[in-house]
Amino acid sequence: MVIRWIQDYFLTYHDPTIEDTYRKVIQLDGFLYAIDLVDGAGQEEYASLRASYWGQKDGFLFMYSVGEMESFNMLAQLKEEMKEKGALETPVMVVGNKVDLVRVVKEQQGREFARECGFG
């Protein structure tokens, strides 16, 4: 998803990495904005690497696969990490991805999680 947005092409296969960083400059309402993205591993075994993510960020995008309940359940862990690091005031957007797959996580579940957490 990140590569699709940053580089404007779709990879049919993506080999996940522990962490990648990207920059995209966009123009909005006549102003230029540099957006720095950190595409970090969401898996539990990389939790210690995420510690640096929570400080001095303008926002977070939590993305999960609608075809994997484990992916969705990881959102609660990410929210808890935000709380522990004092980052709960940082805006968060929750996105269900891979909607072409057989849906395991219902749309309502994603919306309810985001609402309960105060996320968009």
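The values are calculated or read from the model by the stated rules, or taken from the named source; none is laboratory data. Because the structure is predicted, anything quoted here is derived from the model rather than measured. Cβ atoms come from the backbone with ideal geometry, glycine included; neighbour counts cover every protein chain shown.
Quick grid of which residues meet (1) modelled with pLDDT under 90; (2) among the basic types (Lys, Arg):
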site	(1), (2)
His14	yes, no
Ile26	yes, no
Asp36	yes, no
Gly40	yes, no
Ala76	no, no
Lys83	yes, yes
Ala87	yes, no
Lys106	no, yes
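Contact map, the stretch 107-120: residues that are over 18 Å from Glu80 (Cβ atoms) paired with residues that are surrounded by fewer than 18 Cβ atoms within 10 Å (Cβ to Cβ), Cβ distance under 6 Å, separation 6+ or inter-chain. Pairs shown: Gly120/Met93.
Residues that are surrounded by 10 or more Cβ atoms within 10 Å (Cβ to Cβ), in a helix (DSSP H, G or I), modelled with pLDDT of 85 or more and among the hydrophobic types (A, V, I, L, M, F, W, C): does the stretch 61-70 have at least one? Walk me through it before giving the result.
Within the stretch 61-70, the first condition is being surrounded by 10 or more Cβ atoms within 10 Å (Cβ to Cβ), and the residues that meet it are 61-70.
If we keep only those that are in a helix (DSSP H, G or I) too, we end up with 69-70.
Adding the requirement that they be modelled with pLDDT of 85 or more leaves 69-70.
Filter once more, so that each one left must be among the hydrophobic types (A, V, I, L, M, F, W, C): 69.
Yes, because at least one residue in the stretch 61-70 is surrounded by 10 or more Cβ atoms within 10 Å (Cβ to Cβ), in a helix (DSSP H, G or I), modelled with pLDDT of 85 or more and among the hydrophobic types (A, V, I, L, M, F, W, C).
Residues that are part of a helix (DSSP H, G or I) and either outside the structural domain of Tyr64 (by TED's automatic domain parsing) or within 17 Å of Phe113 (Cα to Cα) (or both) within the stretch 75-91 comprise Leu75, Ala76, Gln77, Leu78, Lys79, Glu80, Glu81, Met82, Lys83, listed in sequence order.
Looking only at residues that are β-branched (Val, Ile, Thr) and over 14 Å from the mean Cα position of the chain (by Cα) in the stretch 90-117, which one is surrounded by the fewest Cβ atoms within 10 Å (Cβ to Cβ)? Spell out the reasoning first.
Just the residues of the stretch 90-117 that are β-branched (Val, Ile, Thr), to begin with: 90, 92, 94-95, 99, 102, 104-105.
Restricting the remaining residues to those that are over 14 Å from the mean Cα position of the chain (by Cα) gives 99, 102, 104-105.
Working: Val99: 10, Val102: 7, Val104: 14, Val105: 21.
Only one residue tops the list, namely Val102.
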